[in-house]
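Worksheet for the structure shown next.
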Amino acid sequence: MLKGVNSGQVRSGLIIVDKPQGWTSHDVVGRLRKLAGTRKVGHAGTLDPMATGVLVVGINKATRLLTYIVGTSKTYDATIRLGQSTITDDAEGDVTSETIAAAVTDEEIRTAVAALTGDILQVPSSVSAIKVAGERSYARVRAGGEVNLPARPVTVSRFEIHDIRREHGGKLRDVDVTVECSSGTYIRALARDLGAALGVGGHLTALRRTSVGPYAVEQASTLEQLAEDLALLELNDAARALFPVRELSEEEAENISHGRRISASGVPSADGEPVPVAAFAPDGELIGLLADKADTARALLVFAPGNERA
């Protein structure tokens, strides 16, 4: 652990942040640039300002791992309000319609949730960061324009209801849920679609991301804690947690460092795509990430030795 601010000793690794409400992911990156004393900081997957919870931040060389973290599964705790729709599909937007949801039964809610579980087609929220003709979708919506985003396949592997309760004199119904899903799934869109399926509209009133890939909120630190103790998961440890591991011989490490292929790692592909493998030199240092192609393994990325900020 690194004590204090701008210690000059910050190495490469990941910081698991418990993002506070009201902060953008970019705000968090800016804060950690100051704390770590380096400009080379990025995050793996945006959290809306309303949301709290796990934001994985890469420092120095570890920013090159972020692409592979973005695609991992994620888990959220959320509250969905039935009976109101908003322009943003969450509590930050203006209410666009309101329908009394008093007649919606618990069983109807559970049936609709089950229909939104598994492999589904989801239309992303119109205020997402998806680009339309070079412009962010949310920017178009906030400027008064209309956006029609195409549906895309996502996987909701878990959509569990914890509590259903009546609010505002019974006119509205709040549903507390846990959602485990693939990358690219919008929880706001699940709230919207649940309300639409029940005929009363819906939006998200609370969202907390509790895990990103192997990293859970129990491992996360607040910005206040990080200002006192910059808890860094070193690059080598981060890679071992994220990927299958291959221990290289000296010759294999030399070959990979110079862009030459070596024998295949033998890790089964996932959905037809090769799985990245973390390759370590005999001294325990991460050399790079490999991917199998037929009977050989090629480097997806190689970490330059020596220069910690490379």
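Side notes on the structure shown:
- Residue list for region 58-89, restricted to those being surrounded by fewer than 21 Cβ atoms within 10 Å (Cβ to Cβ), farther than 27 Å from PHE243 by Cβ and modelled with pLDDT under 95: ILE87
- Boolean, GLU224 is within 17 Å of the chain's Cα centre (by Cα), open to solvent by 50 Å² or more (accessible area, probe 1.4 Å) and without any contact (Cβ under 8 Å) to a residue 40 or more places away in the chain: no
- Close Cβ contacts (under 8 Å, 6 or more residues apart or on different chains) running from residues in region 167-186 that are at pLDDT 95 or above and aliphatic (A, V, I, L, M) to residues that are open to solvent by 10 Å² or more (accessible area, probe 1.4 Å) and in a loop (DSSP other than H, G, I, E, B) comprise VAL179/THR185.
- Against the criterion of being within 22 Å of the chain's Cα centre (by Cα), modelled with pLDDT under 95 and open to solvent by 40 Å² or more (accessible area, probe 1.4 Å), ALA231 does not qualify.
One line per residue, one yes/no per condition, for (1) more than 16 Å from THR79 (Cα to Cα); (2) modelled with pLDDT of 95 or more; (3) small (Gly, Ala, Ser):
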site: THR99; (1), (2), (3): yes, yes, no
site: TYR138; (1), (2), (3): yes, no, no
site: ASN148; (1), (2), (3): yes, no, no
site: ALA151; (1), (2), (3): yes, no, yes
site: ILE161; (1), (2), (3): no, yes, no
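- Selection from region 166-210 of residues that are assigned to a strand (DSSP E or B) and among the β-branched types (Val, Ile, Thr): VAL175, VAL177, THR178, VAL179, THR205, THR210
- Residue match in region 280-294 (condition: under 20 Å from the mean Cα position of the chain (by Cα) and either crowded, with 17+ Cβ neighbours inside 10 Å or at negative phi (or both)): no
- Residues satisfying the stated conditions in region 101-120, i.e. out of contact with any helix residue (DSSP H, G or I) (no Cβ under 7 Å at 6 or more places or on another chain), among the β-branched types (Val, Ile, Thr) and surrounded by 14 or more Cβ atoms within 10 Å (Cβ to Cβ): VAL104, ILE109, THR117, ILE120
- Every residue from region 11-21 that is modelled with pLDDT under 95 and either crowded, with 22+ Cβ neighbours inside 10 Å or closer than 28 Å to TYR76 by Cα (or both): SER12
- Selection of region 199-225 for residues being aliphatic (A, V, I, L, M) and touching a Leu at 6+ places or on another chain (Cβ under 6 Å) yields only VAL200.
- Number of the condition not met by SER263 [criteria: (1) of a type outside the set (Asp, Glu); (2) more than 27 Å from SER73 (Cβ to Cβ); (3) at pLDDT 95 or above; (4) surrounded by 12 or more Cβ atoms within 10 Å (Cβ to Cβ)]: (4)
- Filtered residue count, region 175-215, keeping only those that are of a type in the set (Ser, Thr, Tyr) and over 16 Å from ASP89 (Cβ atoms): 6
- Residue that is modelled with the highest pLDDT, among those in region 121-131 that are surrounded by fewer than 17 Cβ atoms within 10 Å (Cβ to Cβ) and not small (Gly, Ala, Ser): LEU121
- Some residue of region 241-258 being under 25 Å from ALA216 (Cα atoms), exposed (fewer than 14 other Cβ atoms within 10 Å of the Cβ) and touching a residue at least 40 places away in the same chain (Cβ under 8 Å): no
The values are calculated or read from the model by the stated rules, or taken from the named source; none is laboratory data. Note that the structure is a prediction, hence the values are computed from the model and not measured. For neighbour counting, all protein chains shown are included, and Cβ atoms are generated from backbone atoms with ideal geometry for every residue, glycine included. Calculation scope for accessible area: heavy atoms of the full protein, side chains included, ligands and nucleic acids excluded. Shrake-Rupley method; radii C 1.70, N 1.55, O 1.52, S 1.80 Å.
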